[in-house]
Amino acid sequence: MKELLSQKILQLKPSGIRKFFDVANEVPGVISLGVGEPDFPTSFHVREAGIQAMQSGKTFYTANSGLKELRKEICIYTEEKIGNRYNPDTEVMVTVGGSEAIDIALRTIMNPGDEIIYIEPSFVSYLPCITMAGGIPVPIELKAENQFRLTKDQLDAAITPRSKALILSYPNNPTGAIMEQHDLEELLEVIQKHNLLVISDEIYSELTYGKKHISIASLPGMRDRTILINGFSKNFAMTGWRLGYALANCEVMEQMNKVHQYAIMCAPTISQYAAIEALRHSSEDVERMKESYNQRRRYLYHELARLKLPCFQPEGAFYIFPDVREFGMSSEEFAVDLLKQEKVAVVPGSAFGDSGEGFIRISYAYSIAELKEALLRIERYIQRKREELA
Amino acid sequence: MERELRDQLLRLLENNSKLSSQDLAVMLGATVEEVANEISVLEQEHVICGYHTLIDWNKINDDVTALVELRVTPQGGDGYQKLAERIKEFPQVVTLYLMSGAYDFLVMVKGKTLKEISLFVSGKLASIHEVQNTTTHFTLTKYKEFGVDFEVEKVDERMVVTP
């Protein structure tokens, strides 16, 4: 059969997360810290808005770019958060999760052989989406000593005459890193000099702790060269609704809409109605969730420090990314061994790109009680390992 | 302690009073002393009025709970207050609210049997001079109390590992 299939797809590596899922899923009694979604269910009033939409028969397609009411709310929300104004008629598109927006953005900008620079470790979709769109992925390996932020020199070194765009994803999955205003400002010169587009995946934009999220699209000269991607999954605990959006200059958006129109038609209607409610009435819910994540973040960071696992202090999203190189195993071996011996599932850093090797991703989208139990097991495991190595 | 942090502390304790001062301090980004001091101040000020355990007694015994509506004719300006002070003294009364609407007090009463509660309501509550009438509702099943679901343990429905 294989000879009938696409070479490009056959050569694509399956997601490391998927592979690890298959292992973890077979272990009974597992405590998982491996989940990349909020533990909170969607707020009840948002669920009710979905039910209401269903009951009143909102079961038809919407406009390709999404319900006008929702696009307007997205523009109001975005202006409130980052100060940028977008035209709801021509510069917004509602997508099936942030994931679709990433795919659409890449397909819209790509000519064969274009190089797309992206950061690693990062979300698993960038590399395969670049490849599938016919581009050449150019990863930049971020360093723990730079707090997993992208530096000007690193970006500069990755540039070639074929560089087309830069994908940024902050707050970052899996590291929990953020980019502050001065970090982003440093990059502008390189971006503008080489006429790069930026695809900025800001799906965790609400989840920063202590420092306000800054969008690169809000910096001088960047609005029109940035495709800003966001969504409802993480910020509003709505993963299963599959709803995201993209914002961009109208010339870019017009072309993106064509891809979206032919591939997807429109995002799910019921979800769009629920999202309107989420944008209008969720600020308090978001604050409460954020408060809770922040408490768990502090707890986890404190506990990992106590266990003397080298670890960068995360400032966004809901992940922490400790270094496990002292145990002399690959991060995948470590994760599998921890799973087998203590029934705790964490995600090997290598699933997020080669530069994630040597790290593990721990999610704190779990209750303190669950984190406590998991940490007891992790402590037992690493003590045993250290004794074996000593 | 600043107000925002104090409110966070209270919300944490409201959900789980078993959290230690050490854990609370880490979670709030405060010192253990700050947390311990704040808690004792809140206790003294009677903002924290006690620490309870939510128990599903239905699994242990056949005790009975009733909600009793009282309509009263209070005497004088602080009549409700005086009456409340009297009613809340009864050990059978576990919760007492002054209400707006069709009746004045809502009294939650616990007892061993329906008969015991009935006798208490007719003998003790209805016989108070200011009480005009009573309506007693016996509870059948407790599904949720203080935000906690008494029926089922929450199951994590997320997949074990996701990106």
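The values are calculated or read from the model by the stated rules, or taken from the named source; none is laboratory data. All values reported here derive from a predicted model rather than from experimental measurement. As a convention, Cβ positions derive from the backbone with ideal geometry for all residues, glycine included, and neighbour counts pool all protein chains shown. These accessible areas exclude ligands, DNA and RNA; they are computed on the full protein's heavy atoms, side chains included. Shrake-Rupley method; radii C 1.70, N 1.55, O 1.52, S 1.80 Å.
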What whole-number distance in Å separates the alpha-carbon centres of region B:106-163 and region A:232-258? 47 Å
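Assuming a ≥ b ≥ c are the square roots of the Cα gyration tensor eigenvalues, decide whether chain B counts as rounded (a/c under 1.5), prolate (otherwise, with a/b larger than b/c) or oblate.
Oblate shape, in that a/c is at least 1.5 and b/c is the bigger or equal ratio.
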Using Cα centres only, tell me the gap between region B:64-83 and region A:332-390 in whole Å. 58 Å
Expressed in square angstrom to the nearest 10, the accessible area of B:Lys115 with a 1.4 Å probe stands at 150 Å²
Please give the solvent-accessible surface of B:Asp63 in Å², to the nearest 10, using a probe radius of 1.4 Å with every protein chain present. 60 Å²
Selected from A:Ala63, A:Ala351, A:Ala317 as most flexible by GNM, with chain A as the system and alpha-carbon contacts under 10 Å: A:Ala63
Averaged across A:31-43, how many Cβ atoms of other chains sit within 10 Å of each residue's Cβ atom? 3
Describe numerically, in nm with one decimal, the distance between label points set 7 Å from Cα along Cα→Cβ at B:Ala126 and at B:Glu33. 6.1 nm
Euclidean distance between Cα centres, region A:132-167 to region A:287-320, Å: 27 Å
With all protein chains present and a 1.4 Å probe, how do A:His302, B:His52, A:His260, A:His182 order by accessible area, largest first? B:His52, A:His182, A:His302, A:His260
Once ligands and nucleic acids are excluded and a 1.4 Å probe is used, how much of A:Asp153 is accessible, expressed in Å² to the nearest 10? 120 Å²
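Applying 1/(1 + (r/R0)^6) with R0 = 60 Å to the Cβ-Cβ distance of B:Thr73 and A:Gln11, what FRET efficiency is obtained, to the nearest 0.05?
0.10
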Could you tell me the relative contact order of chain B? Use alpha-carbon pairs under 8 Å, at least six residues apart, and round to a whole percent. 21 percent
Using a Gaussian network model of chain A whose springs link C-alpha atoms within less than 10 Å, name the residue from A:Lys72, A:Lys308, A:Lys343 with the highest mean-square fluctuation. A:Lys308
About its Cα centre, chain B carries a charge dipole, from +1 on Lys and Arg Cβ atoms and -1 on Asp and Glu Cβ atoms, whose size in debye to the nearest 20 is 720 debye
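Calculate, for region B:57-145, the solvent-accessible area per residue in square angstrom, rolling a 1.4 angstrom probe over the heavy atoms of the protein chains.
66 Å²
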Taking chain B as the reference, fit the longest principal axis to its C-alpha atoms, fit the long axis of helix B:3-15 to the helix C-alpha atoms, and give the angle between the two in degrees, 0 to 90, nearest 10. 70 degrees
Mind checking the mean number of beta-carbon atoms from other chains within 10 Å of the Cβ atoms in B:25-32? 4
Ratio of region A:75-190's C-alpha Rg to 2.2 N^0.38 Å, to two decimals? 1.12
Can you work out the base-10 log of I(q)/I(0) for region B:57-145 at q = 0.11, 0.15, 0.16 1/Å, using the Debye formula on its C-alpha atoms alone? -0.30, -0.55, -0.62
Taking chymotrypsin sites (Phe, Trp or Tyr not before Pro) as exposed when in a DSSP loop with at most 10 other Cβ atoms inside 10 Å, chain A has its longest clean stretch at A:62-390
Return the lysines within reach of A:Lys164: Cα separation strictly under 17 angstrom, same-chain partners fewer than 8 residues apart disregarded; answer none if there are no such residues. A:Lys152, A:Lys193
So what is the calculated 222 nm ellipticity per residue for chain A, using -39500 (n - 2.57) for each DSSP H run with n of 4 or more, over all residues, to the nearest 500 deg cm²/dmol? -13500 deg cm²/dmol
Quick one: helix B:32-44 against the long Cα principal axis of chain B, what's the angle to the nearest 10°, folded into 0 to 90? 10 degrees
For chain A, give me the percentage of DSSP beta bridges that are antiparallel, rounded to the nearest 5 percent. 40 percent
For chain A, which DSSP H helices look membrane-span-like by this rule: Cα extent along the axis of 27 Å or more and mean Kyte-Doolittle of at least -1.0? A:368-389
For the protein assembly as shown, what is the Kirkwood hydrodynamic radius in Å, using each pair of distinct C-alpha atoms? 26.8 Å
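Nearest 20 debye, what's the magnitude of the dipole of region A:326-390 about its Cα centre given +1 on Lys and Arg Cβ and -1 on Asp and Glu Cβ?
260 debye
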Residues of region A:183-264: accessible area per residue at 1.4 Å, in Å²? 37 Å²
Could you work out the mean count of beta carbons from other protein chains within 10 Å of each residue's beta carbon in B:149-162? 6
Quick one: with all protein chains in place, what share of the accessible area of region B:57-145 is carbon or sulfur, to the nearest percent (1.4 Å probe)? 53 percent
Who wins for biggest fluctuation among A:Ile167, A:Ile264, A:Ile216 in a Gaussian network model of chain A, springs between alpha carbons below 10 Å? A:Ile264
Below 28 Å, Cα to Cα, which lysines can A:Lys19 reach? Residues fewer than 8 away in the same chain don't count. A:Lys2, A:Lys8, A:Lys143, A:Lys234, A:Lys340, A:Lys343, A:Lys372, A:Lys385, B:Lys154
Checked region B:3-44 against the a/c 1.5 cut and the a/b vs b/c comparison, axes a ≥ b ≥ c from its Cα gyration tensor; verdict rounded
Give me the accessible area buried between chains A and B, both sides summed, with a 1.4 Å probe, in Å² rounded to the nearest 100. 2000 Å²
Among trypsin sites (Lys or Arg not before Pro) in region A:138-198, those in a DSSP loop whose Cβ has at most 16 other Cβ atoms within 10 Å are A:Lys143, A:Arg162
